[in-house]
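Trainee: Structure in structure tokens, see below.
The values are calculated or read from the model by the stated rules, or taken from the named source; none is laboratory data. The shown structure was predicted, so the numbers you read here are calculated from the model rather than taken from an experiment. For neighbour counting, all protein chains shown are included, and Cβ atoms are generated from backbone atoms with ideal geometry for every residue, glycine included. Side chains included, ligands, DNA and RNA excluded: accessible areas come from the protein's heavy atoms. Shrake-Rupley method; radii C 1.70, N 1.55, O 1.52, S 1.80 Å.
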Amino acid sequence: MSEDADFEFDLVDAGASGTTPRQASALRRNDYVVLKGRPCKIIDMSTSKTGKHGHAKINIVGIDIFTGRKYEDMSPSTHNLEVPNVKQVEYQVIDIDDGFLSLMGDGGDTKEDVKLPTGDLGESIESQYRSGKELVVTVITAMGEEAAISVREVTGN
């Protein structure tokens, strides 16, 4: 029987969505939180007291970390809200092909599934890359989505 009970929990995530629960009152401005099902960065918070026997409510305003869209939600301060597990990794740009970035991590691992961002950031990455500059992009990952969010030129060592 003990053989069957030999489980490994090292790689277990807090859930398929990549979130962990956190009490609403413990959240602060610039923290990440899931609002309306989207990973957001908190830009504003306010606490309001309700009636004589009510609970304090927290109003949270956040910006979607992938789309930039604004979301707002209200929650009792004692309730748990989902906090996305956000990871930021820097990669060197090794190619741009068909709207996707070809990237290389520190360990030499390559990644070919990150879309070239639209708008000014994407144009900046493409024009700098085409002009022969060595670039590093920061890729943010949360809840199964990922996107390049910034770029910088590699300076000589």
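Trainee: Using modelled backbone amide H atoms (1.01 Å from N, in-plane), which distant-in-sequence or interchain residues come within less than 5 Å of Gln23's amide H?
Mentor: Correct list: Leu81.
Trainee: Share of the chain's accessible area from carbon and sulfur, percent, 1.4 Å?
Mentor: 47
Trainee: Something else now. Find me the longest stretch of the chain that has none of the exposed GluC sites (Glu not before Pro), where exposed means in a DSSP loop (not H, G, I, E or B) with at most 12 other Cβ atoms within 10 Å.
Mentor: Counting only loop sites that pass the neighbour cut-off, the longest clear stretch is 9-157.
Trainee: Now for a different question. With each run of n ≥ 4 DSSP H residues scored as -39500 (n - 2.57), what mean residue ellipticity at 222 nm is computed for the chain after dividing by its residue count and rounding to the nearest 500 deg cm²/dmol?
Mentor: -2500 deg cm²/dmol
Trainee: Specify which labelled value, from (1) 53, 19, 11; (2) 36, 24, 12; (3) 56, 13, 9, agrees with semi-axes √(5λ) of the Cα gyration tensor in Å derived from the coordinates of the model shown.
Mentor: Calculated semi-axes √(5λ) of the Cα gyration tensor in Å: the matching label is (2).
Trainee: Which of the residue pairs Lys70/Lys115; Lys49/Lys87; Lys36/Lys87; Lys36/Lys133; Lys57/Lys87; Lys70/Lys111 have a Cα-Cα distance greater than 32 Å in the structure shown? Numbers along the way, then the final one.
Mentor: Numbers: Lys70/Lys115 22 Å; Lys49/Lys87 35 Å; Lys36/Lys87 20 Å; Lys36/Lys133 40 Å; Lys57/Lys87 29 Å; Lys70/Lys111 30 Å.
Correct reply: Lys49/Lys87; Lys36/Lys133.
Trainee: With a 1.4 Å probe and all protein chains left in place, how much accessible area per residue does region 67-107 have, in Å²?
Mentor: Heavy-atom SASA per residue in region 67-107 reads 63 Å².
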